[in-house]
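Remarks on the structure that follows.
The values are calculated or read from the model by the stated rules, or taken from the named source; none is laboratory data. Worth saying up front: this structure is predicted, and the values here are computed from it rather than measured. Heads up, the Cβs are rebuilt from the backbone with ideal geometry, glycines too, and the neighbour counts pull from every protein chain shown. SASA here: full protein model, heavy atoms, side chains in, ligands and nucleic acids out. Shrake-Rupley method; radii C 1.70, N 1.55, O 1.52, S 1.80 Å.
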Amino acid sequence: MKQLVTSSQMKELDQDTIHKIGIPSLVLMERAARSIYDALFTEDIPLEKVLILCGSGNNGADGVALARMLHLDGIPVHIWILGEETHFTREMQQQVEIAKKYQVSFVKNVCLSEYTTIIDAIFGVGLSRKIRGIYQEIIEAVNQTSASIVSVDIPSGIHGDTGAVMGCAIHAALTITFAYEKAGLLLYPGASCAGKIIIADIGIRKLPETRLDPSIHACEDSDLSKIPKRRKDGNKGTFGKVLLIGGSQNTSGAPYLSACAAMRTGAGMIKIHTREENRSILPVMLPESMYSFYGENSIEPQALANSMEWADVIGIGPGLGTDRQAAELLEFVIQTGTKPLVIDADGLNLIQDRMELLAHYKAPVLVTPHLGEFSRISGISIQEWKHSPLTITRDFAKKYHLTLVCKDSRTIISDGGSDIYINPSGNCGMATAGSGDVLTGIILGLLAQGSTPKSAAVTGAWIHGLAGDQAAAQKGTYSMLAGDLITGLETILKKRGERP
């Protein structure tokens, strides 16, 4: 797992390094400037003529220190300070004085088109107000140039915690951030402004006694190891039994996608409890599954109870519908179930005004809403969630004692504890009907094989996105279908099987 931080956490870590460890601020600044300098050459940034835009804070001071290094190496560089001298931090004042002694060139009101590279050191991660006036004019003009744009720590105008654009923002091709990746660099729209991200180690580390709350994480390639290993002496019972309740008179595709994804993820057995009208359809689509059917007059409670007792995990919702009978099914499961439960799609629509029912469930509950569904079950608007995605996701999960997988361009996951997860995998091609049904199946498959609810949610979202990235590489984001995610899933899990 990769550790992410908020703006306030980064400030705390920075101050701990300066005051508790004893590394002076200017030393950290020199390391930061050197890391940017190195990245410019590593990434082959054109340095024929460089402009560094600096604010009055320490982000600007990093930019001034960088300008000095470039100048001393004979690279044509100009500094344009946008902030007022009366607002300079102590470090900014020192860096400007040093640069002047080295005769680094300071300019104003330049022709931006003259530069091959523009380095953005205007605002850092602490920005909390919307950008207006001359700053907005310059940022918008920079974005219109053909220069390579490089941002220091975070593109100016991006909120460090939420990724929101604060009025306007730099669109960088490269961002060099320090010590830890900031949450706002991973969340959209900030992620679309950051370009390639390089995390530079400048000597800032979390001290053993430092407790980050929330503790924010993102999956990375090594986390494929969290997918349960296959026992060489296992059998179909070893790898878990899934009961999926879904599919209505006119909907067979959603339960098929979920069930197929659960089996492709490694579940040993699956049974689908669905409407009688699907008897001639689903067994043909997925003969590997077992089935029980109910008609228009009864949910077949005894058959359903037997299946719930047989199963290791239960999923409800894909294609279920929202009529009286669907509501009866959901109520029966919540009142009598004792196995981990995943609620998605129509299951969420049915429970939106009755979330208190979940308090009676006797096992862990996972819910997987997209933002529209989350807004309906929570009463929180999509815009409110976007303004504070990490806090709202955790608070909701904590309130209802469940694991919440809040699906968006960056899915946020929490079980109400101190850990929050941002899923970095996936792409816009996954915004297609049935994609969420596949995720439900993946999570069910992981739960069936013994993953904890939190691990199944986090790892499930991660490999779901990886499968989407695999599908995009094969089909392109325009032409992807949900079924292509299952094909991509096969490729991703094959890699897991090949790892020790």
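How would you rank 131-140, 255-264, 438-447, 144-153, highest first, on the average number of other Cβ atoms within 10 Å across their residues?
Values: 131-140: 15.5, 255-264: 27.6, 438-447: 31.6, 144-153: 21.8.
Order by mean packing, descending: 438-447, 255-264, 144-153, 131-140.
Considering only protein heavy atoms, what is the solvent-accessible area of residue 108 at a probe of 1.4 Å, reported in Å² to the nearest 10?
150
Can you give the helix-only mean residue ellipticity at 222 nm for the chain, where every DSSP H stretch with n ≥ 4 adds -39500 (n - 2.57) and the sum goes over all residues, rounded to the nearest 500 deg cm²/dmol? Let's see the in-between values first.
Numbers: 18 runs with 199 residues, N = 500.
Result for the chain: -12000 deg cm²/dmol, rounded to the nearest 500.
Placing unit charges on C-beta atoms (Lys and Arg positive, Asp and Glu negative, everything else neutral), compute the dipole magnitude of the chain about its Cα centre in debye, rounded to 20.
Taking the Cα centre of the chain as origin, the dipole is about 840 debye.
Which distance in nm do the two modelled labels at residue 418 and residue 297 give, with both placed 7 Å along the Cα-to-Cβ direction?
The answer from the label model is 5.8 nm.
Which of 463, 278, 117 sits closest to the plus end of the dipole of the chain, meaning its Cα is farthest towards the positive end, when Lys and Arg get +1 and Asp and Glu get -1 on the C-beta?
It is 463, whose Cα lies furthest towards the positive end.
Ordering 382, 198 from largest to smallest accessible area (1.4 angstrom probe), what's the sequence?
Values: 382 75, 198 45 Å².
So, going from the largest accessible area down, we get 382, 198.
Can you give the charge dipole size of the stretch 200-326 about its Cα centre, rounded to the nearest 20 debye, using +1 on the beta carbon of Lys and Arg and -1 on the beta carbon of Asp and Glu?
Working: 15 positive and 15 negative charges, 84 e Å.
Roughly 400 debye, rounded to the nearest 20.
Would you indicate which of (i) 4, 14, 17, 20, 21, 14, 7, 3, 1, 0; (ii) 4, 19, 25, 20, 15, 10, 6, 2, 0; (iii) 4, 19, 28, 25, 15, 6, 1, 0, 0 is the value of P(r) over Cα pairs in 10 Å bins from 0, in percent derived from the coordinates of this structure?
Matching entry in (i) 4, 14, 17, 20, 21, 14, 7, 3, 1, 0; (ii) 4, 19, 25, 20, 15, 10, 6, 2, 0; (iii) 4, 19, 28, 25, 15, 6, 1, 0, 0: (ii).
Over all distinct alpha-carbon pairs, what is the Kirkwood Rh of the stretch 1-134 in angstrom?
Details: mean 1/r = 0.0637 Å⁻¹.
Answer for the stretch 1-134: a Kirkwood hydrodynamic radius of 15.7 Å.
Lys and Arg at +1, Asp and Glu at -1: add these up for the other residues within a Cβ distance under 13 Å of residue 477 and post the number. Don't skip to the answer; put the middle values down first.
Details: positive: 475; negative: 469, 484.
Every neighbour counted, the sum reads -1.
Using Cα centres only, tell me the gap between the stretch 331-349 and the stretch 29-58 in whole Å.
Distance between centres, Cα-based: 53 Å.
Measuring with a 1.4 Å probe in the full set of protein chains, what accessible area per residue, in whole Å², belongs to the chain?
So the chain comes to 42 Å² accessible per residue, rounded to a whole number.
Given the options 340, 381, 78, identify the residue whose Cα lies farthest towards the positive end of the charge dipole of the chain (+1 on Cβ of Lys, Arg; -1 on Cβ of Asp, Glu).
340
Ordered by residue, what ³J(HN,Hα) values in Hz, to whole numbers, does the stretch 198-215 give under the Karplus form 6.51 cos²θ - 1.76 cosθ + 1.60, where θ = phi - 60° and Gly and Pro are x?
10, 9, 9, 7, 10, x, 8, 9, 6, 6, x, 8, 7, 10, 8, 9, x, 9
What area, in nm² and to one decimal, does the C-alpha convex hull of the stretch 348-500 cast on average over all directions? Present the calculation step by step, with values, prior to reporting the outcome.
Values: hull surface 37.8 nm².
That works out to 9.5 nm².
Taking the Cα centroid of the stretch 367-432 and of the stretch 301-330, what is the distance between the two, rounded to the nearest whole Å?
24
Using only Cα atoms, what is the ratio of the radius of gyration of the stretch 349-405 to 2.2 N^0.38 Å?
Details: Rg = 11.0 Å, N = 57, 2.2 N^0.38 = 10.2 Å.
Normalised Cα radius of gyration, the stretch 349-405: 1.07.
Which percent of the accessible area of the chain is formed by carbon and sulfur heavy atoms (probe 1.4 angstrom)?
Values: 10330 of 20830 Å².
Carbon and sulfur atoms account for 50 percent of the accessible area of the chain.
When the Cα centres of the stretch 134-151 and the stretch 191-219 are compared, how far apart do they sit, in Å?
So the two Cα centres are separated by 26 Å.
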